[in-house]
1. List every residue pair whose Cβ atoms sit under 8 Å apart, with the two residues 6 or more apart in sequence or on different chains, where the first one lies in the range 92-115 and is on the phi > 0 side of the Ramachandran plot and open to solvent by 40 Å² or more (accessible area, probe 1.4 Å) and the second, anywhere, is in a loop (DSSP other than H, G, I, E, B) and not small (Gly, Ala, Ser).
2. Taking residue 87 and the conditions (1) at pLDDT 90 or above; (2) farther than 24 Å from residue 183 by Cα; (3) surrounded by fewer than 18 Cβ atoms within 10 Å (Cβ to Cβ), which numbered condition does it fall short on, given that it satisfies the others?
3. Give me the pairs, please: first residue somewhere in the range 66-87 and among the polar types (S, T, N, Q), second residue anywhere and at pLDDT 90 or above, beta-carbon distance under 6 Å, and either six or more positions apart or on two chains.
4. One residue is enough: does the range 174-183 have a residue meeting the conditions charged (D, E, K, R) and under 26 Å from residue 88 (Cα atoms)?
Amino acid sequence: IFSGCKDKEDTSSVNSQVSEPIVEMGACNVSKMYENEEWVVDAEGFSDEYSIPQFNVYTEETEKVNKEILDSIGSLASSNAGYVHISYRFYNKDGLVSVLISLKDTIGEYEYRAYNLSLTDGTLASNEAVVKYMGFTLRQFRNLCVESLRVEYNMSYASFEDSLGDEFKEMRSKTTTSQNLDECVPYLNQSGKLYFTGYIYNPTGDKMMVA
């Protein structure tokens with residue numbers, strides 16, 4: 001979901017973009033494992049329907065993350081555990097690499113996993129570091145998440161509002177609770193803008209992931 005890129009002083013619009021990050025990630029001093037490759041490459045051994053990313057950087061942490069991705073997402077592809085397609089995209093912006101993995105199930109719904117790697121030291125960047133890098137405070141980011149999730153909920157379930165009444169409003173409020181906002185994970189999309197993964201509740205009370 002688009003969370004907006006804006007100057008710190010502007011809290012009314014989600015359309016303007018920060019020209020410079022307020023937190024410098026530093027020089028890219030982590031080298032690639034293979035210089036002719038990208039920072040992120042395909043894991044080997046999977047069919048065309050399943051593209052599993054691996055960070056093309058060798059540090060202790062990326063080794064653990066790559067293993068985690070293979071163990072969790074790679075195992076889903078290997079076992080045909082209800083997912084018909086797995087893909088990813090990544091973006092590199094001045095020393096920060098964001099990877100978004102999309103998992104499509106048999107009924108057409110998606111799950112997402114986002115990872116943010118600092119090329120300064122080869123460690124995963126915290127949510128706070130990513131948000132600050134894009135010129136936001138955590139409070140501003142959470143406010144933008146509230147706004148975006150509420151819009152996504154209304155767009156997805158507007159046809160149920162009249163028939164469900166208070167139940168519709170209850171699930172919309174649950175979508176923007178502090179507990180649900182804690183599960184939002186920021187990442188940079190392929191245009192270098194700040195997006196995030198998160199959940200909305202449907203009118204029956206189940207959660208659906210959005211990105």
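The values are calculated or read from the model by the stated rules, or taken from the named source; none is laboratory data. What you see is a predicted model, and the numbers here were worked out from it, not measured in a lab. Methodologically, a virtual Cβ is constructed for each residue, glycine included, from the backbone with ideal geometry; neighbour enumeration extends over all protein chains shown. Keep in mind that these areas ignore ligands, DNA and RNA; they rest on the heavy atoms of the full protein, side chains included. Shrake-Rupley method; radii C 1.70, N 1.55, O 1.52, S 1.80 Å.
1. 94/21; 94/25
2. Of the numbered conditions (1) at pLDDT 90 or above; (2) farther than 24 Å from residue 183 by Cα; (3) surrounded by fewer than 18 Cβ atoms within 10 Å (Cβ to Cβ), the odd one out for residue 87 is (2).
3. Listed by first residue and then by second, the contacts come to 66/54; 66/55; 87/51; 87/102.
4. Taking the range 174-183 first, the residues charged (D, E, K, R) are 174, 182-183.
Restricting the remaining residues to those that are under 26 Å from residue 88 (Cα atoms) gives 182-183.
Within the range 174-183 (the criterion being charged (D, E, K, R) and under 26 Å from residue 88 (Cα atoms)), the answer is yes, since at least one residue qualifies.
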